[in-house]
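Just so it is clear, none of the values below were taken in a lab; they were calculated from the coordinates. Please read these numbers as outputs of a predicted model, since none were measured by experiment. Counting neighbours? That spans all protein chains shown, and the Cβs are built from the backbone with ideal geometry, glycine included.
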């Protein structure tokens, strides 16, 4: 039962702690306030600080999305997913290009408490750069995202990571998967190093389950106020 008096959110925002130290993360979390209750720890912060950053975030009541984009042999990924689950993280990413066996191993290692999200095509890529990386023609990114979403579903993953441009198609073809959308920008923001960006409200309308909010919120003069505006745009 909703006792807050607010309409429910159409998608769950996750704030990206894209900083290199716990000290910087503390400052950012303090500026964001308690509404930022789900946060992303990526490669930079986790490489610098390790599991203790996850432990600290959980000690102050934050849920953690561990965005490591694992890509290795199945046994290694299974062990890493098991370790992430033992830390209590809510979500963990692996690369779809690792294939079904690797994703299945991640799901098994993570167990029932940590959702595995399969990265499809990074939002910094366009069709040409994906084609160069794969060594084959990729005329349309949507088909490549859908192909990797099929790997996620067949492997028992919780969801996929895709851009806002593909989320509607993923939802339509794979309604059981939970899409997470990075590379979001507010109206009028610069795209920076992202090629395929949309607003949080549009991604939520198109079927996103999770929204990663990075510089659009954290680099604003008042991150807490900007986050509040985003939350308002996500309510029915």
Note on the chain: contact order normalised by length, alpha-carbon pairs under 8 Å, 6 or more apart, percent, works out to 20
The extension gain from residue 23 to residue 126, computed as 0.36 nm times the residue separation minus the Cα-Cα distance, is 33.6 nm
Semi-axes of the equivalent ellipsoid of the range 45-102: what are they in whole Å, largest first, if each equals the square root of 5 times a C-alpha gyration tensor eigenvalue?
-> 23, 10, 10
Which FRET efficiency, nearest 0.05, do residue 136 and residue 205 yield, Cβ-Cβ r, R0 30 Å?
-> 0.35
When the chain is fully extended, how far beyond the present Cα-Cα distance does residue 48 get from residue 31, taking 0.36 nm per residue of separation?
-> 4.0 nm
Does the range 12-233 come out rounded, prolate or oblate by the C-alpha gyration tensor, with a ≥ b ≥ c the root eigenvalues, rounded set by a/c under 1.5 and, if not, prolate when a/b is larger than b/c and oblate if not?
-> oblate
Can you figure out the FRET efficiency of residue 235 with residue 101, using R₀ = 45 Å and their beta-carbon distance, to the nearest 0.05?
-> 0.65
Cα extents of the range 5-74 along the three principal axes, largest first, in whole Å?
-> 47, 30, 18
Find the centroid of the Cα atoms in the range 124-166 and in the range 52-112, then give the distance between the two in whole Å.
-> 20
Packing-wise, with mean Cβ within 10 Å as the measure, how do 130-139, 62-71 rank, highest first?
-> 62-71, 130-139
